[in-house]
1. Taking 0.36 nm per residue of separation and subtracting the Cα-Cα distance, what length does fully extending L338 through E122 add?
2. Roll a 1.4 Å probe over the protein heavy atoms and report the accessible area of V97 in Å², nearest 10.
3. With a 1.4 Å probe and all protein chains left in place, how much of the accessible area of the stretch 264-368 comes from carbon and sulfur atoms, in whole percent?
4. Quick check for you: with a 1.4 Å probe and neighbouring chains kept, what is the accessible area per residue of the stretch 127-236, in Å²?
5. Based on the alpha-carbon gyration tensor of the stretch 91-137, what equivalent-ellipsoid semi-axes (square roots of 5 times the eigenvalues) come out, in whole Å, largest first?
6. Give the shape of the stretch 256-321 as rounded, prolate or oblate, defined through the alpha-carbon gyration tensor: a ≥ b ≥ c are the square roots of its eigenvalues, a/c under 1.5 means rounded, and otherwise the shape is prolate if a/b is larger than b/c and oblate if not.
7. Tabulate in residue order the Karplus-calculated ³J(HN,Hα) for the stretch 476-484, using 6.51 cos²θ - 1.76 cosθ + 1.60 with θ = phi - 60°, rounded to whole Hz; enter x for Gly and Pro.
8. Find out how many positive minus negative residues lie around S243, taking Lys and Arg as positive, Asp and Glu as negative, among other residues whose Cβ is under 14 Å from that of S243.
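The values are calculated or read from the model by the stated rules, or taken from the named source; none is laboratory data. On a predicted model such as this, the values are computed, not experimentally measured, just so you know. Neighbour counts run over all protein chains shown; Cβ positions are idealised from the backbone, glycine included. Just the protein is used for accessible areas: all its heavy atoms, side chains included, with ligands, DNA and RNA removed. Shrake-Rupley method; radii C 1.70, N 1.55, O 1.52, S 1.80 Å.
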Amino acid sequence: MESAAAVNRNPRPQIEEGLEEAQNDYEDEPGEDEEEEEFDEEELSGHEGGRSSERERMNDLLRRLATGPVRVRVHDVLIKGNTKTKDSLIEAEVLPVFRSASTMQELLQAATAANARLQRLEIFDSVNIVLDAGPSELPGTVNVIIDLVEPKNPLSGDIGFYTRPETRGWSVEGLLKLRNVFGYGDIWNAAGAYSLDHTTEMSAGLSLPRFKALSTPITARVTLLTQDWLKFSSYKERLLGLSFGLVSTIRHELAYNLTWRHLTDPLHMSSVSVRRQLGHSLLSSLKYSYKLDRRNSSIRPMKGYAFLSTSQIGGLGHDSNLLRYIRQEFDLRAAIPLGFFHTALNIGVAAGAIMPWGNGFMTLPTPLTERFHMGGSSSPLCLLGSPTSLLGFKMRGLGPTDLRRMIPSQIDGTSDPPASPGWDAVGGDLAVTAFADISFDLPLKVLRDSGIYGHAFISAGNLAKLSEGSIKDFSIRQFAKNFRSSAGIGVIVPTKLFRMEVNYCYILRQFEHDRAKTGIQFSISALA
């Protein structure tokens, strides 16, 4: 999809004027060969003179643009090609941008910004913006021509198969989109996903770029999800949720979620901590996020910094089944170029905490599904978010655990001989992770040309329980002493859809009941 912003200075009238004058001279004195030769020379001279004049005027304009502001005023904005999309939607997106432009330099920047705004609507195949000269009786004016191409078929779809190295499984995911049905930039979509670990998700949603006086996108989505956590935490989760995106800008997001959740233990092996939270619950929460990303790339950051803060409060309402908690997360990243062999140092620290609120909150537990879990093979570099990534540790592979229920022998009805039933990962109320990563080019040119590069890393993290009175025994010194850590080296293969890593991870520190392994680890992470 290509777009352009150009200035059409319309030189043709002056060239045609020179040709008409030469033609009049020819008609005044016709007939003789010498006179015809004189006409040919005059015509050629006039034509070349017109071109030279236009060239001089263009060079003069370029010099003026380079040396200082060139005053112009937008006379009109003309929209073409929108057979379905409402003019009011397009005007609301672009007119504020062009209205503030008072020079040619600002107008070119405004055209680029307007093009980006229209592209973000995701309802046009192409957007072409041309700056043309205004009416001759109004010197110093410009007409903005917006040429749009709408898709012939508003329905689009996608299906893919994705591996999940952390669970040694795969998933199939599909998406259907119906764009701009009513001409207001509305996008209707339905998505579905199924994986071998018995996770099923179906959802449908609607997004509008603006609604009446609101200039920010509005979204609504219904989600039905079933997820199997029996292997890690001895429960299955089923939820039905409704979410509304209230505010969405480059840096700010505000969303409301209303979710019914049901936790079950079909194997009757869950620990006491899990059994206490089985059954139905209701989540009514408001979530606010602030994001600032000044890195030059999210795939291979070489310089810049990024920051994400997410605040969430649950329990908005009077129902006794509402989960009441306050959750706060921070994520800070920095990329520093080292100045040799295209190397860069990336460092990051992420932290999060969750606590219940209400009467007697000091003795209440936090919701099991809202706690922090750590481990898995996702890269800490790609996505800003929760403190969850720790390479070398398996999914939910560290943190607070609780002993599962002992199952009596089916032969004699006793529990002898005793056997360990295993441990449930129950998550933590406080989570902190940190990492340092050095990226570098590989020696083979064919790998460098393909964007494949190497990296060496070290990461650390820990989880702790604060709820149910545990905060009284919490010690920052002990928490720092119990950090788990790993280090390694690997190769990164970035693609347009995801980031793939092949790493050798060495576990520097782990504790009892942690699930970690030194060796080769494959990682596939979504892009930001």
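1. On the way: separation 216, 0.36 × 216 = 77.76 nm, distance 3.86 nm.
Stretched out fully, the L338 to E122 stretch lengthens by 73.9 nm.
2. Counting only protein heavy atoms, the figure is 20 Å².
3. Summing carbon and sulfur atoms, their accessible area is 65 percent of the total for the stretch 264-368.
4. The answer is 55 Å² per residue.
5. In descending order, the three semi-axes are 21, 12, 9 Å.
6. Details: a/c = 4.27, a/b = 1.93, b/c = 2.22.
Oblate.
7. Each residue's phi maps through the Karplus curve to give 4, 5, 5, 5, 5, 5, 8, 4, 8 Hz.
8. +1
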